[in-house]
Amino acid sequence: MDDKKILLTERVASILLAMETQRSRLVVFLLLGIFVSSIEAQKTSEWSTYGGNLAGQHYSPLRQIDRRNVKNLKVAWIFHTGVFKTAGAANTRAAFEANPVIWRSTLYLSSPFDQVFAVNAQSGKDLWSFDPKIDRNATIDIVTSRGVALWHSPKRSRGSAACDNRVFIATLDARLLAIDALTGRRCDDFGSHGSIDLAKSIHLQDKTWYEFTSPPTVVGNVVVLGSSVGDNQAVEEASGAVRGFDARSGKLLWSWEPLPWAQSQHPRTGAGNAWSVIAADPEHGLVYVPTGSPSPDFYGGYRPGDNRDADSVVALEAETGKRVWGFQTVHHNIWDYDVAAEPVLFTFRNQIPALAIATKTGMVFVLNRLTGQPLYPIYEKPVPQSDVPGEKTSSTQPFSSLPDLAPLTFTADQVSGDNEKDRKFCRDKVAALVNQGIFTPVSTKSTLLYPGSTGGVNWGSPAVDPDTNVLFVNTNQLAFDTRLVPRSETGSDIASRIRRKWNKWMLYWKPATNLPAEQRFRAPDSAGQELSVQAGTPYLIFREPLLGPSGLPCTPEPWGEMVALNLNTGKKLWSQPLGTMIAGQHTGSASLGGPIITAGRLVFSAATIEPYLRAFDPDTGHELWRGSIPGPAQATPMTYQIGKRQFVVICSGGSAFAGGALGDSVVAFALPETPKRQKCKYLDRR
């Protein structure tokens, strides 16, 4: 119940107590019951943060939609953001990856250009919108926003005063904005007229590659956020500092630097940033920060050592930013194996506060979330060493004792292909690459990067059922040809060409497959054909996906899976191909976006290159239902219930892996409404 209804109920109760006769009290009891029932009928089950809760579980306790009736799901409403009505060069790279949140029957979500929308969660009608006016012709590295965060004043009167309830969004042009959740107006008492310049008070070499793509995490009255840094562009990139701001005033409360050792270096290594979602444990006052690699990604000659707290999960005190513990998933990362997934919190075997980290390598690490101590053994194993002058790789890397979510290696005799031409091409290509298994160092020779830069597990993150502690996650199985290009070989002409076209450094594949044009595979984001500058080092980095002539991956099928792992027992329960990249086959699909799990015993996921939202049986992984949506959805679903009706919502914006038009649709599914009962004609007589 909201505060106004609570106050009204209290007033009715006080009238009840003042009644003198038993009959009068009985009448008021009945009226109070009817009143409370009407309130409960409008009650909303909230998905109040990105991923459903601060623990990052992607879990909902709702059970109206279940395995028995999921086949009856229909589209309840569709909302269009209209994001492409404004022209701009960056429109062609916009990715609609938002996970909406809900409060008081209102959905809040963001477009790829940080426009915030408040939408009636029952009807899909627009209530208000806020546009921060991002320059769409500016150089923007990653064009997306994965969502917003909510904050509510602890005052009893919240809901009546302006900005007692706030929507926070961190933007592509490095601002933190506070918006009134009821009106869509700026909160003038926050920062400067509702805005904080996040590029101030931070080491920033070039603002071009400094942005924000994930929602902040709100713990009590502290707004915590990391940043997104273009970490392939130079050694001296922006600091990856994680900061905490006061939710009321916008005052900076603390700042934590993930690479303190780099501050005294020259050149000064940057990044180590937390670009993904930060999880939190309010009970223990901790936030869990997934960090990326120091800059640049693929050459570490100017950042010697393990680079501790980069490529890690680090526990910080939410109120002070004080470091409590850290666990590094990759030492001296030169493979772009940053921690992309949100850490997920759960209670291990009903006893120990725990945390699971699903990584791009396809490994899962389970730790005590209060101490950072492993709950399953982790082994340091020898790995191949670099022969690149100036590079010193770690002699060992951490390997989890839990089953791998995806294969860690593959060889030329395992290649896939839709025809013999593809298979021969892929065999020859893979055989020619330097391939010593996972953690093969990138060098001046063409090297196999597998698992690839998209994972394993990417930002879609796992879902965990807190009743069973079974983890569900989407994985990719794509490989890349990677090579350091000596700067002396590129010549000034190539270097200047790269600088002139740095906003177009992705060259997308558009293969001829038997999929419709809007579903054809192409390589997105870091998986595209790339030649990045790595300024300040002796090398540029070349990277492209391993694809056959048809444009399909050379790696063995399935190319994408959904996997279930029991975190209590350490047993892998099942893995199933997720979607397809060849019509009529079960190849699995490259995916971006994650699953959710509900108490109705359903796992929902979209994420593939196909235009479907799917529901799966969590016990077997079998697909139980698929619903058509306007285009592929590389986002994570969410669910909520208003009154007696449960909705499942997905943002459908097209696919970074597929050709075709991009989209702006928010689609809500629900079971058909039960027809209202007609009044009995006998009881309706006067």
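Throughout, read-outs are computed from the coordinates displayed, never taken from laboratory work. Every value quoted in this text rests on a predicted model; they were computed, and no experiment measured them. Every residue, glycine among them, receives a Cβ derived from its backbone with ideal geometry; neighbour counts consider all protein chains shown.
In the neighborhood of residue 72, defined by Cβ-to-Cβ distances under 12 Å, what is the net charge if each Lys or Arg adds +1 and each Asp or Glu adds -1? That works out to +2.
The order of the peptides 361-370, 566-575 by mean Cβ neighbours within 10 Å, most packed first, is 361-370, 566-575.
Taking 0.36 nm per residue of separation and subtracting the current Cα-Cα distance, fully stretching the chain between residue 74 and residue 131 would add 17.4 nm. Using a cut-off of under 16 Å, list every residue of region 234-257 whose amide N is near the label point 7 Å from the Cα of residue 208 along the Cα-to-beta-carbon line. In region 234-257, the label zone of residue 208 (backbone N under 16 Å from the point 7 Å along Cα→Cβ) covers 234-238.
Only helices enter the 222 nm calculation for the chain: every DSSP H run of n ≥ 4 contributes -39,500 (n - 2.57), and dividing by all residues gives -3000 deg cm²/dmol, rounded to 500. Relative protection proxy for 312-319, 244-251, from highest mean packing down: 312-319, 244-251 (other beta-carbon atoms within 10 angstrom).
Taking a straight line from the alpha carbon of residue 155, these aspartates and glutamates sit under 14 Å away, with near neighbours fewer than eight places off in the same chain left out: 2, 3, 164. When the listed pairs 133/251; 381/429; 133/207; 71/571; 360/429 are checked against a 21 Å cut-off, the alpha-carbon distance exceeds it for 133/251; 381/429; 71/571; 360/429. Taking amide hydrogens as placed 1.01 Å from N in the peptide plane, the amide H of residue 461 sits under 5 Å from those of 342, each at least 5 positions away in sequence or on another chain. Here the Karplus curve 6.51 cos²θ - 1.76 cosθ + 1.60, taken at θ = phi - 60°, turns the phi angles of region 226-236 into couplings of x, 6, 10, 10, x, 7, 9, 8, 6, 5, 7 Hz, with x standing for Gly and Pro.
Between the amide H of residue 393 and those of 386, distances stay under 5 Å, these residues lying 5 or more places away or on another chain, with hydrogens modeled in the peptide plane. Going by neighbour counts of Cβ atoms within 10 Å, the residues 103, 254 line up, fewest first, as 254, 103.
Shown here: Cα extents along the principal axes in Å, derived from the displayed model; of the candidates [x] 86, 61, 53; [y] 93, 62, 51; [z] 95, 55, 53, it corresponds to [z]. For residue 424, a cut-off of 14 angstrom between C-alpha atoms picks up these aspartates and glutamates, skipping any fewer than 8 places away in its own chain: 413.
The phi torsions of region 448-461, fed into the Karplus equation with coefficients 6.51, -1.76 and 1.60 and a -60° offset, translate into couplings of 6, 9, 8, x, x, 5, 8, x, x, 9, 10, 5, x, 6 Hz, rounded to whole numbers, with Gly and Pro shown as x. When 130, 117 are sorted by how many other C-beta atoms sit within 10 angstrom of their C-beta, beginning with the fewest, the order is 130, 117. Taking other Cβ atoms within 10 Å as a rough exposure proxy, 50, 640 sort from fewest to most as 640, 50.
When the chain is described by a simple charge dipole with +1 on each Lys and Arg Cβ and -1 on each Asp and Glu Cβ, the residue from 365, 49, 335 located farthest towards its positive end is 49. Full extension of the segment from residue 192 to residue 423, taken as 0.36 nm per residue of separation minus the current Cα-Cα distance, would add 77.2 nm.
Remark: the residue 350-residue 572 segment gains 78.0 nm on full extension, using 0.36 nm per residue and subtracting the alpha carbon distance.
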